[in-house]
Amino acid sequence: MSHPLRGSAAIVGIGNTKRWNAPGRTPFDQLQEAAILALEDCGLSLKDVDGLFCAISSSGLPVLNVAERLGVSVRHADGTMVGGASFLFHLQSAVAALENGLCDVALICYGSNQLSAGGRLVSMPDPQPYEAPYKPRYPISSYSLAAARHMHQFGTTRENLADVALAARAWANLNPDAFARGPLTRDEVLSSRMVSDPITRADCCLVTDGGAALVVTRADRAKDLPKKPAYILGTGVAVSHRQIAAMPDLTTTAAVESGRRAYAMAGVGPSDIDHVMVYDAFTITTLLFLEDLGFCPKGEGGAFISSGAIAPGGSLPVNTNGGGLSCNHPGMYGLFTIIEAVEQLRGTCGERQVQGAEIALAHANGGVLSSQATAILGSSATL
Amino acid sequence: MSADPRFDGPGPDEVWRSALAEGRFILQHCRKCSACRFPPALVCAACGSPDLEWREASGQGTVYSTTTVREREGSYNVSLVDLAEGARMMSRVEGVDPATVRIGMKVAARIIQEPESMIVFVPTEGGAA
C-alpha cells in the first residue's frame, strides 16, 4: 500500500529572482519578489496564502517579518531553522499541514543579499564555545575535516573533488541564468588558493544574492492550476549534530536516513531517479550525498564522478542548473535544488533539459553536514 | 524550592570550564551505559540517561581528521581528536609543522593559556602514523 502522503500535494508555482548581485536590495526584498513571482506562476494571490514557511539568515523572527511585509493571513506557519536544508524541512511540514487541513495554500520562501552586503557568509548568532578557541574557518574547515577523512578512508583524491566543480561548470555553461560561466580546467581548480586543506577556493560554492519561493497545494487543486504540477512523492529529514566533532562518522551523513525515508514514502529507489539535485556547498558534499543517497557505493564517489557520470552527457544528470558551485549560492541554497527539479519535470530547461525527466530527487544540507533533507518529485505520470 | 535536586549546582558547561581553569581536563561518563560524553551536557547522548559522573581524562587520543587553516598571518592546525575514553573533540595539534599532522597520529593533551585555558594536543613519542 502506498504511503498516504505520497502525491498528496504538489508544487504548483515557483519563483526565482535570478538577481545574483543586486545592491540596494535587502534579503526581504529578494524574498518578496520571489514570492510574487511564484504566486503569479500558478495564478494564485497573496490573499490565497494561509500557510507561511520561511527561514532567513539575518532574522531570528522570519515568519513575523515576512507575514507583515507580504500581508498574508497566517493560519499555519513553520520557521524551522536548520541552515540550508530548512526549506526542505518546510516542504515536509507543508505537505503534512496541507493534508490535515491546517492550511490550503503554502508559501515557502527565502531571500538573501549575501554578496552585495559584503560577500561573507551571514550566519545566525550561534556561538560554539568548544570550537571557537581553535579558530576553524566556519563552515569550511568542518567540510575539510570530512573531505580529509574520506580521502584517508577511501583514497578519494583532490582530482576527484575538482571533477565535481568541472561538472557543475559544464552544466552552468548550458544555463544562461548561471552566475559563473565560462571554461574551467582541473588545473585551475587544483591550483586555486588553499583555504583549509584539502579545500581550495574553487572547491567552495559561490557567494551570491538571490531569492526563491514555492507555492504548494493539495494535489486535487494542483491539477486545475496553469502549470504542470510537480507532485511531492516523498520527503525525508534527519539531524545528526551541530558541531562537526559530534558527527558520528565524517564519511557518512544523515542523508542516508533522510534518503531512506523519502524513498520509502515515494516507493522508488535510486535507479528510478531521472534527475538529481544535491546541495553542493563544497565539492565534497556532492560526493558524499551521491554515495549516501545510493547513486554509487560508499567510498566509490570519487571514481563515479571522475568517470564523467554527473557531467552533461553522463549517466546521471546532477545539479543541472550549475549548482551552488557555478549557478548561485545566496547563503542558504536549499530551495534552489527544488526550483531546478520542478523546472526539469516541467520540461522548461532549454539546452540543459534532461529528456523524459519524470522523477527528480532534490537533496539539501544545513549547518556542517548537520541537517539533511530529501524530496522526491514526480510528474502526473508517476502518481 | 521544588526543583529536582538531581540537577542542583552549576551546569555541566560551568563545571567543565571551572575545572579547566584549575588545570584539570575532565569528562562525563554515563553511569548507566558507561559512554563518554563531550562536549558536556545534561544527558548521555548514547542512551539518554541523565545520570552522568565526572572523571579525570587520560589525555590520550588519536587524530581522527585534520586540516591546515591557511590565513595570511600564517597556517595552523585544526584536528578532531578521538579521546581514549571514546568521545571526540575539536582541538589543535601543536609542536609539529601543521602540514605533518596525520590521521591516526597518537597525541596527548596539554592545557595552555591563550589567554583563557584551552586544551591542545602534542604528538606522543613514536606517535607518528
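Taking only region A:243-269 into account, find how many residues are open to solvent by 40 Å² or more (accessible area, probe 1.4 Å) and either in contact (Cβ under 8 Å) with a residue 40 or more places away in the chain or away from chain B (no Cβ under 14 Å) (or both). Show your work before the answer.
Filtering region A:243-269 for residues open to solvent by 40 Å² or more (accessible area, probe 1.4 Å) gives A:246, A:248-249, A:252, A:256-257, A:260-261, A:264, A:267.
Checking the rest, the ones that are also either in contact (Cβ under 8 Å) with a residue 40 or more places away in the chain or away from chain B (no Cβ under 14 Å) (or both) come to A:252, A:256-257, A:260-261, A:264, A:267.
Total meeting the criteria: 7.
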Problem set entry | Residues that are open to solvent by 20 Å² or more (accessible area, probe 1.4 Å), not in a loop (DSSP other than H, G, I, E, B) and not polar (S, T, N, Q), drawn from region A:274-323 | A:ALA303, A:PHE304
For this session: Within region B:58-83, work out how many residues are out of contact with any Cys (no Cβ under 9 Å at 6 or more places or on another chain), more than 9 Å from every other protein chain (Cβ to nearest Cβ) and of a type outside the set (S, T, N, Q).
Result: 7
Exercise. Among (1) surrounded by 14 or more Cβ atoms within 10 Å (Cβ to Cβ); (2) farther than 24 Å from A:SER240 by Cα, where does B:LEU83 come up short?
Worked result: (2)
For this session: Provide a single number: the residues in region A:74-116 that are out of contact with any Leu (no Cβ under 9 Å at 6 or more places or on another chain), farther than 19 Å from A:ALA364 by Cα and without any contact (Cβ under 8 Å) to a residue 60 or more places away in the chain.
Result: 4
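Determine, yes or no, whether A:LEU107 is assigned to a strand (DSSP E or B), at pLDDT 95 or above and under 19 Å from A:PRO229 (Cβ atoms).
On the way: assigned to a strand (DSSP E or B): yes; at pLDDT 95 or above: yes; under 19 Å from A:PRO229 (Cβ atoms): yes.
It is true that A:LEU107 is assigned to a strand (DSSP E or B), at pLDDT 95 or above and under 19 Å from A:PRO229 (Cβ atoms).
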Problem set entry | Residue pairs meeting the criteria (Cβ under 6 Å; at least 6 apart or on separate chains; first more than 7 Å from every other protein chain (Cβ to nearest Cβ), in region A:127-148; second of a type outside the set (Lys, Arg) and surrounded by fewer than 24 Cβ atoms within 10 Å (Cβ to Cβ)) | A:GLN128/A:GLN243; A:ILE140/A:VAL195; A:ALA147/A:PRO198
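Residues are listed down the side, and each one gets a yes or a no for (1) open to solvent by less than 50 Å² (accessible area, probe 1.4 Å); (2) modelled with pLDDT of 95 or more; (3) not in a loop (DSSP other than H, G, I, E, B):
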residue: B:LEU42; (1), (2), (3): no, yes, no
residue: B:PRO50; (1), (2), (3): no, yes, no
residue: B:THR67; (1), (2), (3): yes, yes, yes
residue: B:ARG70; (1), (2), (3): no, yes, yes
residue: B:SER75; (1), (2), (3): no, yes, yes
residue: B:ALA99; (1), (2), (3): no, no, yes
residue: B:VAL120; (1), (2), (3): yes, yes, yes
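From the residues in region A:156-202 that are part of a loop (DSSP other than H, G, I, E, B) and under 13 Å from A:LEU287 (Cα atoms), which one is farthest from the other protein chains (Cβ to nearest Cβ)? Explain how you work it out, then say what you get.
Residues of region A:156-202 that are part of a loop (DSSP other than H, G, I, E, B), as a first pass: A:156-157, A:173-185, A:191-193, A:197-198.
Next cut, under 13 Å from A:LEU287 (Cα atoms) only: A:156-157.
On the way: A:THR156: 13, A:THR157: 15 Å.
This residue is A:THR157.
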For this session: Go through region B:40-56 and count every residue that is touching a residue at least 12 places away in the same chain (Cβ under 8 Å) and away from chain A (no Cβ under 14 Å).
Result: 10
Exercise. Within the group B:SER79, B:SER18, which residue is within 23 Å of A:SER141 (Cβ to Cβ) and of a type in the set (S, T, N, Q)?
Worked result: B:SER79
For this session: Determine whether region A:223-241 contains at least one residue that is touching a residue at least 12 places away in the same chain (Cβ under 8 Å), assigned to a helix (DSSP H, G or I) and open to solvent by less than 20 Å² (accessible area, probe 1.4 Å).
Result: no
Exercise. So A:ALA96 fits all but one of (1) open to solvent by 30 Å² or more (accessible area, probe 1.4 Å); (2) not in a helix (DSSP H, G or I); what number is the exception?
Worked result: (2)
Exercise. Restricting attention to region B:86-97, and to residues there that are assigned to a strand (DSSP E or B) and either open to solvent by 60 Å² or more (accessible area, probe 1.4 Å) or without any contact (Cβ under 8 Å) to a residue 40 or more places away in the chain (or both), which single residue is farthest from the other protein chains (Cβ to nearest Cβ)?
Worked result: B:VAL93
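The values are calculated or read from the model by the stated rules, or taken from the named source; none is laboratory data. Predicted model only: the values in this text are computed from it and were never measured. Cβ: placed from backbone, ideal geometry, glycine included. Neighbour counts: every protein chain shown. Side chains included, ligands, DNA and RNA excluded: accessible areas come from the protein's heavy atoms. Shrake-Rupley method; radii C 1.70, N 1.55, O 1.52, S 1.80 Å.
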